[in-house]
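Novice: Just passing along the structure, written as structure tokens.
The values are calculated or read from the model by the stated rules, or taken from the named source; none is laboratory data. These figures come from a predicted structure and were not determined experimentally. FYI the Cβ positions are ideal-geometry reconstructions off the backbone, even for glycines, and counts take in every protein chain you see.
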Amino acid sequence: MAASAPALRAFLVAQPAVIRVVLSRVRGSSPRDAGTEMFVAPAALWGTIGGGQLEYLAIDAARAMLREGVLTRALDVPLGPEIGQCCGGRVDIGLTRMRASDRRTAEARAARHDATLPHVHVMGAGHVGRAVADLLQHLPVRCILIDTRPEEIALCTAAVERRVSVLPEAEIANAPPGSAFIVLTHDHGLDFLLTAAALDRGDAAYVGMIGSASKRAKFRAWAKRHASAQNIDDLTCPIGASGSRDKRPGVIAAFVVAEVMAELTSETAATAPIGAQDAPLSGHGNDREGKSA
């Protein structure tokens, strides 16, 4: 989910018995870094330590602890042919049955992680904007969907922030450093205004405007008249240009989100201990999607 602390809190409230599973030590290659954690209940999961057989083993061990009343356990797992993974490293896993104090600590840790999430401002809640929000809700970002039209904002069902704003350029001005801005409103003039505001900041991780190469050329000419000192070299327009020519909103959104996340992510972000993108999951570990490094 886009906000990990509320999702984790809801999971812990719903589950009276939970095992915290953490990669306490990593040697060599591993799907995730030391500190990565997940939470295992009898019939539900929250988070991931990398999938594959490593995760299956951890889930089975955690559920055995819940059945048998065991409080703590440690595993030393080689990531090789013995368990059907090819990473070649080795990990130590700590498993602990969570007390009330442990739950509070986990929530606080998730809240601190949430505070570090990059902001992605989606400027426009039309078909493509809503499709972008639908995808971003599952990723480790704080997505804010902004439009001047309350009726369009009301159509968004994604678990993201939604703001009706008569001055969307003010939302851009007040965004934190390192934010990403995706501009796709219903009006070309407004697109130009908001794109210029985002570029003027000089600290955006990504500024993208929906449109074609001709729209980019028109914006360049507009910027020379209205923002003469502005450099548009950092503008991405068209957005999602590496994708297909398919014009369906969901397809456009997929390529745009991939483009934005490529700019926002780094090795540190990709291996963060709390995966904000990890929504609560239910079912047995054998139904878990396997991912081998």
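Novice: Across segment 197-209, what is the total count of residues that are surrounded by fewer than 24 Cβ atoms within 10 Å (Cβ to Cβ), of a type in the set (A, V, I, L, M, F, W, C) and either in contact with a Gly (Cβ under 8 Å, 6 or more places away or on another chain) or under 22 Å from A262 (Cα atoms) (or both)?
Specialist: Adding up the residues that qualify gives 3.
Novice: What are the pairs with Cβ atoms under 7 angstrom where one residue, in segment 211-239, is surrounded by fewer than 11 Cβ atoms within 10 Å (Cβ to Cβ) and the other, located anywhere, is in a loop (DSSP other than H, G, I, E, B)? Sequence gap at least six, or different chains.
Specialist: A213/P238
Novice: Would you call I146 of a type in the set (A, V, I, L, M), assigned to a strand (DSSP E or B), more than 25 Å from A110 (Cβ to Cβ) and touching a Gly at 6+ places or on another chain (Cβ under 6 Å)? Talk me through it step by step, then tell me what you get.
Specialist: Working: of a type in the set (A, V, I, L, M): yes; assigned to a strand (DSSP E or B): yes; more than 25 Å from A110 (Cβ to Cβ): yes; touching a Gly at 6+ places or on another chain (Cβ under 6 Å): no.
Taking the combined requirement at face value, the residue does not satisfy it.
Novice: Given (1) among the basic types (K, R); (2) closer than 25 Å to A158 by Cβ; (3) not in a helix (DSSP H, G or I), where does R9 come up short, assuming only one miss?
Specialist: For R9, the failing item is (3).
Novice: Given V251, V260, which one is closer than 20 Å to L136 by Cβ, out of contact with any Cys (no Cβ under 6 Å at 6 or more places or on another chain), assigned by TED's automatic domain parsing to the domain that holds H127 and at pLDDT 95 or above? Before the answer, list the steps.
Specialist: Details: V251 fails: at pLDDT 95 or above.
Answer to the check: V260.
Novice: Same structure again: Give the residue, chosen from R27, R32, that is among the charged types (D, E, K, R), more than 17 Å from R97 (Cβ to Cβ), touching a residue at least 60 places away in the same chain (Cβ under 8 Å) and surrounded by fewer than 23 Cβ atoms within 10 Å (Cβ to Cβ).
Specialist: Values: R32 fails: surrounded by fewer than 23 Cβ atoms within 10 Å (Cβ to Cβ).
Selected residue: R27, the only one of R27, R32 that is among the charged types (D, E, K, R), more than 17 Å from R97 (Cβ to Cβ), touching a residue at least 60 places away in the same chain (Cβ under 8 Å) and surrounded by fewer than 23 Cβ atoms within 10 Å (Cβ to Cβ).
Novice: So which residues in segment 78-92 are in contact with a strand residue (DSSP E or B) (Cβ under 6 Å, 6 or more places away or on another chain) and either modelled with pLDDT of 95 or more or more than 29 Å from A5 (Cβ to Cβ) (or both)? Walk me through it before giving the result.
Specialist: Filtering segment 78-92 for residues in contact with a strand residue (DSSP E or B) (Cβ under 6 Å, 6 or more places away or on another chain) gives 78, 89-92.
If the condition is that a residue be in contact with a strand residue (DSSP E or B) (Cβ under 6 Å, 6 or more places away or on another chain) and either modelled with pLDDT of 95 or more or more than 29 Å from A5 (Cβ to Cβ) (or both), then P78, G89, R90 are the ones that fit.
Novice: Kindly check whether there is at least one residue in segment 126-137 that is modelled with pLDDT of 95 or more, in the same structural domain as V22 (by TED's automatic domain parsing), closer than 24 Å to F11 by Cα and in contact with a strand residue (DSSP E or B) (Cβ under 8 Å, 6 or more places away or on another chain).
Specialist: no
Novice: Let me ask something else about it. Which ones in segment 43-57 are among the hydrophobic types (A, V, I, L, M, F, W, C) and closer than 18 Å to V26 by Cα?
Specialist: Applying the first criterion (among the hydrophobic types (A, V, I, L, M, F, W, C)) to segment 43-57 yields 43-46, 49, 54, 57.
Answer for segment 43-57, where residues must be among the hydrophobic types (A, V, I, L, M, F, W, C) and closer than 18 Å to V26 by Cα: I49, L54, L57.
Novice: Please work out which residue is nearest to the chain's Cα centre (by Cα), limiting yourself to segment 130-158 and to residues that are surrounded by fewer than 18 Cβ atoms within 10 Å (Cβ to Cβ) and closer than 19 Å to G250 by Cα.
Specialist: Among those that are surrounded by fewer than 18 Cβ atoms within 10 Å (Cβ to Cβ) and closer than 19 Å to G250 by Cα, it is H138.
Novice: Related question: So for segment 86-97 (the condition being buried (at least 17 other Cβ atoms within 10 Å of the Cβ), aliphatic (A, V, I, L, M) and not in a strand (DSSP E or B)), does at least one residue qualify?
Specialist: No, because not a single residue in segment 86-97 is buried (at least 17 other Cβ atoms within 10 Å of the Cβ), aliphatic (A, V, I, L, M) and not in a strand (DSSP E or B).
Novice: Same structure, new question: May I ask you to verify whether A196 is over 24 Å from the mean Cα position of the chain (by Cα) and either free of Cβ contacts under 8 Å to residues at least 40 places away in the same chain or outside any loop (DSSP other than H, G, I, E, B) (or both)? Spell out how you get there, then give the answer.
Specialist: Working: over 24 Å from the mean Cα position of the chain (by Cα): yes; either free of Cβ contacts under 8 Å to residues at least 40 places away in the same chain or outside any loop (DSSP other than H, G, I, E, B) (or both): yes.
So A196 fits the description; yes.
Novice: Could you list, in sequence order, all residues of segment 170-188 that are assigned to a loop (DSSP other than H, G, I, E, B) and either touching a Gly at 6+ places or on another chain (Cβ under 8 Å) or polar (S, T, N, Q) (or both)? Show your work before the answer.
Specialist: Step one: filter segment 170-188 for residues assigned to a loop (DSSP other than H, G, I, E, B), giving 174-179, 184-187.
Hits for segment 170-188 are N174, S179, L184, T185, H186.
Novice: Kindly indicate whether any position in segment 98-117 is in contact with a strand residue (DSSP E or B) (Cβ under 6 Å, 6 or more places away or on another chain) and more than 30 Å from G250 (Cβ to Cβ). Walk me through it before giving the result.
Specialist: Taking segment 98-117 as the starting set, the residues that turn out to be in contact with a strand residue (DSSP E or B) (Cβ under 6 Å, 6 or more places away or on another chain) are 98, 117.
Still in the list and also more than 30 Å from G250 (Cβ to Cβ): 98.
Yes: one or more hits.
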